[in-house]
Amino acid sequence: MKTTIGVFFGGRSTEHEISVISASQAMHAINAAKYDVVPIYISKQGKWYTGEALLDIKNYRNTADLLGKVEEVYMEPTFGDYNLYKKKRGLFGSGVVKHLDVAIPVLHGSNGEDGTFEGLLETIGIPYAGCNTLSSANGMDKITMKMILKSCGIPVVDYVWFTDKEWFARRDELIDRIEKEIGYPVIVKPANLGSSVGIGRACNREELIEKIDGAEVYTTRIIVEDMVEDLQEINCSVLGDCDENQASVLEEPIKSGEILSYEDKYVGGTKGAKGMQAAQKRIPADLPKAETERIQFLARETFRVLSCHGVSRVDMIIDRKTRDIYVNEINTIPGSLSFYLWEATGISFEQLMDRLVELAIKRKREQGMKTVSYDHNIFNLSGGIKGGVKAKQ
């Protein structure tokens, strides 16, 4: 029998459309002779749908028409229940649309890549590919990610972070701190968004206020980083788990301005290409061997210390003047699943998807060997328990 794979995509995220593109690429790369692929589209309103029409990327040009051709579904948050159920059930029958064996989330950004969806999958207990709740959350949040990396000796640029409420209450104090500890120019970023959404450069106080006000629209946590002015951006993908993994060849994205924009990543590039595959880039990046190896090492270390799993992409910055290398961020569910980097490394997209399924099943098997409950019932103890204190006899 074939293994049934549920591919989840879309979602309540500013990167909704990019997720649809990445998932379409992934589903068409899966070997249909080995696997039964079930597309599960999550709308911008958070409703789940499945159906054959979701496999054709052209259908997403008219979402209302598309949703009329598919069926709304859901999963029970019950451990061990891997079934996909019809939202509208008849009087008779189980209402089961499909029984899933493995889940592959291809959800970019908030409410999907940040650990929230992974938590649901862990509650259900279904084997799934990719980072778990903890590593997804830490990888998505640029603040906690940098804290962890810095504490583990992995180089990151200097930064200051704060909440939106702190910005409104202590604006002048925060500006003084940024100017004292970092100085201009700086990069302002929402802490938990990807795809360059809400990111801007500031070279003076007026621009700093403008960019922070712009980032605050998207998030409650904001990070301001020292900007390496003469920089070279290099990306490296990592595949495996935190104990056994490998690094891909490197890519150098080609940006149209000072910052790699949303349009640079997803609009420009090869005719007919979509998603991160469409971005203009040099593969492999033209770097000395020692720098290439250093970046691959830092990418794998980032993957390891964050306890990542599946396939990720680690984005680096090289200071052209000093040749210092910094880890910028990690994408725990990268655009296009970074398949183009693995093809350049010698692993086809089909093999990459095979590997993700294998990793999901391996992790589930290893988790099954751990103790998850303590075989004692305190309610059966002599005297009983009341408010944490032994009850009076």
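Bear in mind that the values in this text are calculations on the coordinates, not laboratory data. The model shown is predicted, which means the values in this text are computed figures rather than measured ones. Reconstructed Cβ throughout: ideal geometry from the backbone, glycine too, with neighbour counts over all protein chains shown.
Considering the options Y326, M140, I5, tell which one lies farthest towards the positive end of the dipole of the chain, charges being +1 on Lys and Arg and -1 on Asp and Glu at the Cβ, about the Cα centre. In the chain, that residue is I5.
When S237, S24, S43 are arranged by Cβ crowding within 10 Å, least crowded first, meaning fewest neighbours, the order is S43, S24, S237. In plain terms, the residue of I283, I5, I333 with the fewest other Cβ atoms within 10 Å comes first and the most crowded comes last, giving I283, I5, I333.
What's the angle, to the nearest 10 degrees (0 to 90), between helix 142-151's Cα axis and the longest principal axis of the chain? For helix 142-151, the angle is close to 80 degrees.
Between Q351 and E229, what is 0.36 nm times their sequence separation minus the Cα-Cα distance? Round to one decimal in nm.
Value of the extension gain: 40.0 nm.
Among the listed pairs K98/K364; K86/K370; K150/K281, a Cα-Cα separation exceeding 26 Å is found for K86/K370; K150/K281.
Sorting M1, M353, M147 on the 10 Å Cβ count, fewest up front, what's the list?
Working: M1 5, M353 26, M147 15.
In increasing order of surrounding Cβ atoms, one gets M1, M147, M353.
Relative intensity of segment 3-128 on a log10 scale, I(q)/I(0) at q = 0.16, 0.17, 0.19, 0.22 Å⁻¹, equals -0.76, -0.86, -1.10, -1.47, per a Debye sum over C-alpha point scatterers of equal strength in the absence of solvent. A simple count of charges around I148, restricted to other residues whose Cβ falls under 12 Å of its Cβ and scoring Lys, Arg +1 and Asp, Glu -1, yields +2. Please find the FRET efficiency linking S43 to E358, where r is the Cβ-Cβ separation and R0 is fixed at 41 Å, and quote it to the nearest 0.05. Plugging the Cβ-Cβ distance into 1/(1 + (r/R0)^6) gives 0.85.
Given the options S336, S373, S19, state which has the largest fluctuation in a GNM of the chain using a 10 Å cut-off (strictly under) for Cα springs. Per the Cα network of the chain with a 10 Å cutoff, S373 tops the list. Computed across the chain, the Kirkwood hydrodynamic radius from all distinct Cα-Cα pairs reaches 22.6 Å.
Between D375 and E244, take the C-beta separation as r, use R0 = 22 Å, and let me know the FRET efficiency to the nearest 0.05. The formula returns an efficiency of 0.10 here.
Ratio of segment 120-183's C-alpha Rg to 2.2 N^0.38 Å, to two decimals?
For segment 120-183, the normalised Cα radius of gyration comes out at 1.57.
Treating each Cα of segment 158-226 as an identical point scatterer and summing with the Debye formula, the log10 of I(q)/I(0) at q = 0.12, 0.21 Å⁻¹ comes to -0.24, -0.77. Using the Cβ-Cβ distance between V217 and D172 with R0 set to 22 Å, the FRET efficiency works out to roughly 0.55.
Computed over neighbours whose Cβ is under 9 Å from that of Y128, the net charge equals 0, Lys and Arg +1, Asp and Glu -1.
Computed extension length for K289-K86: 67.7 nm, one decimal, from 0.36 nm per residue of separation with the Cα-Cα distance subtracted. Distance between the 7 Å Cα→Cβ label points at D158 and A344: 3.3 nm. Other residues lying with their Cβ under 9 Å from the Cβ of P190 contribute a combined charge of +2, Lys and Arg counting +1, Asp and Glu -1.
Rounded to the nearest 10 degrees, the inclination of helix 349-367 to the longest alpha-carbon principal axis of the chain is 60 degrees. Summarising the label geometry, the points placed 7 Å from Cα in the beta-carbon direction at K321 and K58 lie 5.3 nm from one another.
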